[in-house]
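Structure record follows, encoded as structure tokens.
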Amino acid sequence: MTAPILQTRGLTMRFGGVIAVNGVDFSLQEAELRCLIGPNGAGKSTFFKCLTGQLRPSHGDVLFRGHSIAGSQSHAIARHGVGIKTQVPSVFDGLSVRENVWLAAARVNPGRLADTMTDAALQRVGIGAIAGRMVGQLAHGQRQLVELAMVVAPEPDLILLDEPAAGMTDDEVDRLVDLIKELNKRHALVVVEHDMQFIRRVARTVTVFHQGAILVEGDVADILVDARVRDVYLGRQAA
Amino acid sequence: MSRLLPVLGNIAVLVAGLAALFGLPAFAETYVIINATIFASFAILALSLALIWGYAGILCFGQAAFFGLGGYTYAVAAINFGDTTGAAALAVALPALFAALLGYFMFWGRISDVYLGVITLTVSLILYRFVNQTAGEQWNIGEAPLGGFNGIPSTPILNWPGRPGEQLAPENIFSLAAGLLILVYFGCKALLATRFGRVVVAIRENEARVALLGYDTRRYKLAIFVVGGAVAGLSGLMFANSVFVSPTMFSLPVSGQIIIWVIIGGLGTLIGPVIGCILMQVLTNWLGTLNQVPGFGWVDPNLVLGVILMVFVLLVPKGLMALAADAVRWVVRNLPFPRRGKVPEGRKGDVRSASATGSHLESVHTSPFRRFAPPSPSGGRKSSA
């Protein structure tokens with residue numbers, strides 16, 4: 001077994017008296033695809049924010065390929081090769097779709113190469129036709145795709161996707177599923193999603209969050225029939 | 001056509017600038033030329049805030065601090081050096097350095113927008129208070145007396161480089177100020193078109209996302225803030241050469257005025273604040289003469305300017321440039337004859353080309369990005385949270 005690309009040890013995030021993430025030990029292998037599920041408030045998004053430096057963890061450590069990145073600045077973590085699509089699309093509303101993606105590509109590539117990579121990312125996500133539009137005028141699903149293209153363009157080694165399918169049409173979801181599978185050939189991914197249909201289509205291993213901690217982790221087929229998982233989603237106390 | 005419009009806009013600005021640069025000294029009287037020099041130096045000051053507030057989203061409430069520093073640095077250095085060339089360079093360098101120092105603490109300390117405004121305002125007021133009380137010999141720097149609230153009436157006029165004692169004539173000072181204004185304007189445009197400029201605009205749009213892409217936003221904000229400080233210093237230098245330096249350069253009315261020019265001209269444009277600045281200066285001068293007219297003695301220029309600001313904030317929050325663009329679009333839409341490429345009734349219009357045309361009209365002077373972040377009534381910028 002090779003070294004994990006991402007590992008957390010006892011990761012804890014406390015807001016006053018609320019413990020949003022509680023001692024999470026999480027491990028992701030190179031080029032692995034992991035789905036993260038759990039009811040609202042389970043701590044999934046907070047977990048992502050701790051990984052990307054948007055929040056400084058109260059306790060515990062985050063290791064990216066063996067290096068501790070806990071408490072580092074967002075830009076420093078991104079430079080290690082971590083890309084994130086946030087839950088609410090975080091894009092540049094006043095700029096064109098192309099400009100949005102170019103800014104992502106231009107961070108890692110100078111000049112002409114950035115233009116080439118921008119075109120490639122637009123093509124890959126399938127938004128080449130709306131490249132000239134202002135992002136602020138787009139529908140929610142399209143904005144999701146724009147942010148996805150921004151994440152994909154610099155080719156990060158680890159991609160974090162927080163509810164990527166929300167607000168998308170069926171066609172867009174189909175494209176997203178293909179894209180995730182294609183990305184997974186070269187990149188490690190963690191995908192947070194509520195849509196179980198979607199999870200079934202992309203997932204192999206699933207981690208279930210509940211009340212800030214990992215409830216259970218395992219093969220997608222086992223997880224989706226697990227009684228405890230069903231209980232936490234239906235709001236009953238986990239056994 | 002779509003690529004042509006911004007180019008046409010640039011050409012129009014250049015032609016207007018060059019016409020003023022060469023036309024005015026040939027025909028106008030000296031007092032008009034001196035007034036025009038003051039306008040040009042203020043317009044450079046307007047550009048400095050247009051750049052850092054309109055494009056980088058940094059609302060600096062104390063831009064007057066760099067303006068005053070530039071003026072005083074020039075006056076003190078010129079009196080001591082004898083030759084003004086080095087003093088002029090210092091007048092740009094020192095405010096830039098001061099902006100670097102101030103910016104370092106603000107941006108590395110992750111000060112939020114509102115507090116940034118408060119800190120910059122406070123800094124300018126501290127400088128104002130300080131310079132105001134520098135009367136007396138103990139405040140001489142070398143041979144230059146700071147002069148307290150009187151300022152330095154003996155502020156030397158620029159001499160030709162390398163020829164101390166050979167002062168520039170008022171026409172030359174005007175040409176220099178107007179030339180620098182044109183240079184700074186196109187310099188800002190060029191800067192915004194670079195990768196650096198595009199990242200800076202992205203920070204205004206969504207700073208957290210820029211950081212998540214791997215850019216260290218603090219460095220970019222500091223760099224553009226320093227550019228803004230240097231440009232404000234340059235405008236202080238030209239102001240010192242058209243009037244003389246005094247503590248009012250640091251004062252709250254000056255800081256406030258710059259913000260008013262930007263709001264009235266149009267936040268997020270470069271030409272807007274320049275036009276706003278010149279219009280407001282002309283208006284202020286005219287209002288100042290109005291109380292000589294019988295029956296108009298009660299008119300207070302500041303009161304009128306305050307009313308104008310309120311009207312703009314409430315009714316034209318995007319400023320004159322956006323208003324002009326809207327007017328052009330309205331005229332084009334209501335032309336009586338059929339236009340080329342008009343979409344027939346019943347067929348769904350091509351949304352893309354329609355919106356593209358619209359944005360081009362608006363972005364004639366705002367390249368490379370179209371966005372007019374409407375200032376909120378409090379004058380704050382859009383929260384990037």
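The values are calculated or read from the model by the stated rules, or taken from the named source; none is laboratory data. Just so we're clear, the structure is a prediction, and the values are computed from it rather than from any experiment. Note: ideal-geometry Cβ built from the backbone for every residue, glycine included; neighbour counts use all protein chains shown.
Please enumerate the residues belonging to region A:43-61 that are crowded, with 23+ Cβ neighbours inside 10 Å and over 15 Å from the mean Cα position of the chain (by Cα).
Within region A:43-61, A:Pro57 is the sole residue that qualifies.
Could you tell me whether A:Ser74 is in contact with a Gly (Cβ under 8 Å, 6 or more places away or on another chain), of a type in the set (Ser, Thr, Tyr) and within 8 Å of chain B (Cβ to nearest Cβ)?
Spelling it out, A:Ser74 is indeed in contact with a Gly (Cβ under 8 Å, 6 or more places away or on another chain), of a type in the set (Ser, Thr, Tyr) and within 8 Å of chain B (Cβ to nearest Cβ).
Six or more apart or on different chains, Cβ under 6 Å: which pairs go from a residue in region A:1-22 that's among the small types (Gly, Ala, Ser) to one that's part of a strand (DSSP E or B)? Could you list them?
Pairs found: A:Gly10/A:Gly23; A:Gly10/A:Gly60; A:Ala20/A:Met13.
Would you pick out the residues in region A:54-71 that are in a loop (DSSP other than H, G, I, E, B), over 22 Å from A:Ala31 (Cβ atoms) and more than 8 Å from every other protein chain (Cβ to nearest Cβ)?
Across region A:54-71, the qualifying residues are A:Leu55, A:Arg56, A:Pro57, A:Ser58, A:Ala70, A:Gly71.
Checking A:Ala165 against (1) at pLDDT 90 or above; (2) over 25 Å from A:Pro4 (Cα atoms), only one condition comes out false. Which one?
Just one mismatch for A:Ala165, condition (1).
Of the numbered conditions (1) surrounded by fewer than 14 Cβ atoms within 10 Å (Cβ to Cβ); (2) within 25 Å of the chain's Cα centre (by Cα); (3) polar (S, T, N, Q), B:Thr120 fails exactly one; give the number of that condition.
So the condition that B:Thr120 fails would be (1).
Could you tell me which numbered condition B:Ile34 fails, if it satisfies all but one of (1) part of a helix (DSSP H, G or I); (2) buried (at least 22 other Cβ atoms within 10 Å of the Cβ)?
(2)
Would you mind stating whether A:Cys35 is crowded, with 22+ Cβ neighbours inside 10 Å, part of a strand (DSSP E or B) and under 14 Å from the mean Cα position of the chain (by Cα)?
Yes: the conditions hold for A:Cys35.
Report whether or not A:Phe26 is within 13 Å of another protein chain (Cβ to nearest Cβ), among the aromatic types (Phe, Trp, Tyr) and either out of contact with any Phe, Trp or Tyr (no Cβ under 6 Å at 6 or more places or on another chain) or not in a strand (DSSP E or B) (or both).
No, not satisfied.
For region B:187-301, please list each of the helices (runs of 4 or more DSSP H) lying entirely inside it that holds at least 1 residues being more than 14 Å from chain A (Cβ to nearest Cβ) and closer than 30 Å to B:Ser154 by Cβ.
Fully inside region B:187-301 and qualifying: B:217-242, B:252-265, B:271-290.
With respect to B:Phe312, determine if the residue is among the hydrophobic types (A, V, I, L, M, F, W, C) and either at pLDDT below 80 or surrounded by fewer than 14 Cβ atoms within 10 Å (Cβ to Cβ) (or both).
In short, no.
Could you go through region A:135-148 and let me know if any residue there is within 12 Å of chain B (Cβ to nearest Cβ), under 19 Å from A:Val190 (Cα atoms) and not hydroxyl-bearing (Ser, Thr, Tyr).
yes
Among the numbered criteria (1) at pLDDT 90 or above; (2) away from chain B (no Cβ under 14 Å); (3) in a loop (DSSP other than H, G, I, E, B), which one does A:Gly41 miss?
Of the numbered conditions (1) at pLDDT 90 or above; (2) away from chain B (no Cβ under 14 Å); (3) in a loop (DSSP other than H, G, I, E, B), the odd one out for A:Gly41 is (1).
Considering B:Phe81, B:Phe105, which residue is surrounded by fewer than 20 Cβ atoms within 10 Å (Cβ to Cβ) and under 23 Å from B:Tyr128 (Cβ atoms)?
Unique residue meeting the criteria: B:Phe105.
Which strands (runs of 3 or more DSSP E) sit wholly inside region A:122-239 and have at least 2 residues that are over 14 Å from the mean Cα position of the chain (by Cα), surrounded by fewer than 17 Cβ atoms within 10 Å (Cβ to Cβ) and of a type outside the set (Asp, Glu)?
A:213-219
Among B:Leu270, B:Leu287, B:Leu279, which is the only one that is aliphatic (A, V, I, L, M) and farther than 19 Å from B:Leu323 by Cβ?
Result: B:Leu287 is the single residue among B:Leu270, B:Leu287, B:Leu279 that is aliphatic (A, V, I, L, M) and farther than 19 Å from B:Leu323 by Cβ.
Could you please let me know if A:Val88 is without any contact (Cβ under 8 Å) to a residue 24 or more places away in the chain and either in contact with a helix residue (DSSP H, G or I) (Cβ under 9 Å, 6 or more places away or on another chain) or of a type in the set (Val, Ile, Thr) (or both)?
So A:Val88 fits the description; yes.
List the number of the failed condition for A:Gly128; all other conditions in (1) within 12 Å of another protein chain (Cβ to nearest Cβ); (2) closer than 16 Å to A:Leu179 by Cβ hold.
(1)
What number of residues within region A:86-104 satisfy the criterion of being within 8 Å of chain B (Cβ to nearest Cβ) and over 13 Å from B:Ala202 (Cβ atoms)?
Counting residues in region A:86-104 that are within 8 Å of chain B (Cβ to nearest Cβ) and over 13 Å from B:Ala202 (Cβ atoms) gives 1.
Just to be sure, is A:Gly83 within 11 Å of another protein chain (Cβ to nearest Cβ), buried (at least 19 other Cβ atoms within 10 Å of the Cβ), part of a strand (DSSP E or B) and among the small types (Gly, Ala, Ser)?
yes
Being surrounded by fewer than 21 Cβ atoms within 10 Å (Cβ to Cβ), of a type in the set (Gly, Ala, Ser) and over 16 Å from B:Ala100 (Cβ atoms): is that true of B:Ala202 here?
No; evaluated as a whole, the condition is false for this residue.
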